[in-house]
Amino acid sequence: MKLEYILYGFGILFCVAGVGYLAAEYVKYLSDLGKLGALVLTIGLFAFLGKYFERLGW
Amino acid sequence: MATRKHNNIFLILALLCFLGIVAIFIFDGYIGVYDTLAVNNGQYTQTVTPDQWGQPERYGGSFNAGIPCNGSATFTYTMENHRFNKYNSRLDATLVYNEQIVLNLFGRDISIPAFGKQSFEWTLSAADVPMQYRNVVGTIKIVSGNIQRQVGLNIYETAATKSASPIPTITITLPPR
């Protein structure tokens with residue numbers, strides 16, 4: 001059971017690292033307006049996800 | 001049931017934000033002015049695409065074209081205006097050696113409509129380039145507004161031109177013993 005959680009942990013870590021790396025690579029080519037829009041939507045994404053999990057009782 | 005539905009709204013909003021981010025990346029990548037240069041020297045055509053201009057380090061660092069010393073090359077410069085407004089600017093192409101303009105290849109005010117595409121063509125004949133620049137790498141500079149492109153140019157001798165120019169005969173007279 002513990003091993004499974006460790007593997008989940010690794011999986012999540014690699015996913016976050018991969019998405020982070022790709023985002024950092026692609027953000028370089030975005031215009032300033034695009035960067036601002038993406039930032040606003042990212043904040044919205046995490047805020048709504050937070051609210052969703054809060055409502056679920058996490 | 002009502003709470004569950006309410007929770008799903010937040011999840012849907014989060015998903016919409018994610019899709020919005022993806023849409024921004026796609027839209028932002030499409031919007032802009034893109035230029036492609038194709039150099040045809042009669043033997044082969046070399047093309048430099050917008051992606052290659054943007055990331056030269058991935059494609060060897062610099063772009064070069066060659067013209068045989070008895071030939072010429074046709075340069076086709078295509079500009080695509082992926083914007084909502086008209087692109088008005090001046091397009092200049094020059095041949096530069098040692099930071100000095102040797103030839104003006106193209107110079108014109110251009111106007112490309114929104115989401116339009118236009119090609120400009122000019123020809124450079126090796127005979128127009130002064131002899132002292134043969135086998136010396138020069139630069140073709142293309143400037144239009146904020147866009148500045150550089151392509152190396154070499155006017156080279158081919159086997160045919162080498163055999164056409166005879167090897168000079170040197171006569172050495174040895175001193176008498």
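Brief remarks follow.
- Members of region A:33-44 found to be over 14 Å from residue B:24 (Cα atoms) and at the interface with chain B (Cβ under 7 Å from one of its Cβ atoms), listed by number: A:44
- Just one of the listed residues (A:6, A:43, A:12) is out of contact with any Cys (no Cβ under 8 Å at 6 or more places or on another chain), closer than 18 Å to residue B:15 by Cα and loosely packed, with under 13 Cβ neighbours inside 10 Å, namely A:43.
- Any chance residue A:10 is assigned to a helix (DSSP H, G or I) and within 9 Å of another protein chain (Cβ to nearest Cβ): no
- Scanning region B:30-46 for residues that are of a type in the set (Val, Ile, Thr) and without any contact (Cβ under 8 Å) to a residue 60 or more places away in the chain returns B:31, B:36, B:45.
- Residues in region B:69-90 that are out of contact with any helix residue (DSSP H, G or I) (no Cβ under 7 Å at 6 or more places or on another chain), surrounded by 15 or more Cβ atoms within 10 Å (Cβ to Cβ) and not hydrophobic (A, V, I, L, M, F, W, C): B:76, B:77, B:78, B:80, B:81, B:83, B:87, B:89.
- Residue B:97 being over 30 Å from residue A:44 (Cβ atoms), touching a residue at least 12 places away in the same chain (Cβ under 8 Å), more than 14 Å from chain A (Cβ to nearest Cβ) and among the aromatic types (Phe, Trp, Tyr): yes
- Of the numbered criteria (1) loosely packed, with under 12 Cβ neighbours inside 10 Å; (2) part of a loop (DSSP other than H, G, I, E, B); (3) facing chain B (nearest Cβ under 9 Å); (4) of a type outside the set (Lys, Arg), the one residue A:58 fails is (3).
- Strands (runs of 3 or more DSSP E) wholly inside region B:7-93 that include at least 1 residues being within 30 Å of residue A:43 (Cα to Cα) and out of contact with any Cys (no Cβ under 9 Å at 6 or more places or on another chain): B:32-40, B:72-82
- Filtered by the rule that a residue be part of a helix (DSSP H, G or I) and more than 8 Å from every other protein chain (Cβ to nearest Cβ), region A:17-32 gives A:17, A:18, A:19, A:20, A:21, A:22, A:23, A:24, A:25, A:27, A:32.
- Of all residue pairs spaced 6 or more apart or on separate chains, those with beta-carbon atoms under 9 Å, a first member in region B:131-155 that is on the phi > 0 side of the Ramachandran plot and a second member that is outside any strand (DSSP E or B) are B:135/B:69; B:135/B:157.
- Options B:51, B:28; residue that is in contact with a Leu (Cβ under 6 Å, 6 or more places away or on another chain), within 12 Å of chain A (Cβ to nearest Cβ) and within 25 Å of residue B:145 (Cα to Cα): B:28
Every number here is computed from the coordinates shown, using simple stated rules; none is lab data. Keep in mind that what you see is a predicted model, and the values were worked out from it rather than measured. No Cβ is skipped: glycine too gets one built from the backbone with ideal geometry, and neighbour counts run over all protein chains shown.
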